[in-house]
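Structure first, commentary second.
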Amino acid sequence: MRPISMVATVCLSLTATACQIVPDPDPADTANVPQTDEARMAAYVAEAWESQVQPVIAENAVDYDTLRNRLAEGIDAAGAAYGLRPDGEANPWNFAVTGSGTVTEARLDSRAAKMQVDMDGDGAADVTLQLGPVIRGTALRDAMPFIVFTDFRDQIEFAKLARAMNDQAASGLTKPEGDVVGETVSFTGVFTLRSATDTPEIVPTALTMGTP
């Protein structure tokens with residue numbers, strides 16, 4: 001039985017037309033409680049992650065060295081060969097990549113944890129791996145061909161979808177600890193590239209430390 005609110009006691013001294021008894025909400029009745037945007041986007045991503053997101057990445061992932069060689073011909077050449085992006089030439093290219101390299105710098109004690117990785121053995125970092133939980137960018141969302149902006153309510157909801165995808169990627173990683181500089185890291189991930197000369201900031205969806 002639902003408890004009667006304190007207002008009912010007051011109503012006993014008033015006329016029936018002056019006051020209406022309203023039962024307190026049942027705390028167990030959550031079926032009609034509206035979800036927040038964040039909760040709905042998180043649920044959407046959780047449902048699509050294994051069945052749609054991961055297959056898109058697996059199907060389109062290119063070895064980093066192969067992509068880098070194609071980028072020497074220009075970003076549009078690389079994009080035409082390996083890129084993913086929403087409809088519209090104004091949108092930047094997104095790429096899914098796999099690769100291994102040596103960690104040159106790591107900041108693991110930050111909420112925006114990152115590792116810098118040398119991919120060609122020259123001692124200089126070529127890519128950044130964003131480990132999170134705070135991750136910049138919308139690469140994961142924008143690389144998915146099944147995600148269309150008009151399927152969502154507005155730009156705010158669409159932005160929260162990108163955040164939910166980044167959160168899902170970060171939560172699926174076993175993050176390294178301690179001093180990892182000099183160690184080998186292997187990864188699969190997605191990044192957005194606006195210029196062929198930009199340093200990729202990759203959102204990993206898989207990460208392994210040590211020689212594969």
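Cβ crowding within 10 Å ranks 183, 47 as 47, 183, fewest other Cβ atoms first. Close amide H partners of residue 199, meaning residues 5 or more places away or on another chain with modelled amide H under 5 Å apart, do not exist here. Placing a pseudo-label 7 Å from each Cα along the Cα-to-Cβ vector at residue 59 and residue 148 gives an inter-label distance of 1.6 nm. Quote the FRET efficiency, to the nearest 0.05, computed for residue 80 versus residue 155 with a Förster distance R0 of 25 Å and r equal to the Cβ-Cβ distance. Rounded to the nearest 0.05, the efficiency is 0.35. Annotation note: trypsin sites (Lys or Arg not before Pro) in the range 95-141 located in DSSP loop regions with a Cβ neighbour count of at most 16 within 10 Å are 111, 136.
Restricting the chymotrypsin sites (Phe, Trp or Tyr not before Pro) of the range 95-191 to loop positions (DSSP other than H, G, I, E, B) with no more than 15 neighbouring Cβ atoms within 10 Å leaves 146.
Taking 0.36 nm per residue of sequence separation and removing the Cα-Cα distance, the residue 38/residue 104 pair yields an extension gain of 20.2 nm. You can think of it this way: the chain between residue 120 and residue 51 has 21.5 nm of extra reach, that is 0.36 nm per residue less the Cα-Cα gap. Here the calculated FRET efficiency for residue 87 and residue 171, from their Cβ-Cβ distance with R0 = 35 Å, stands at 0.75, rounded to the nearest 0.05.
Rule-based calculations on the coordinates, nothing more; no lab input. Note that the structure is a prediction, hence the values are computed from the model and not measured. Counting neighbours? That spans all protein chains shown, and the Cβs are built from the backbone with ideal geometry, glycine included.
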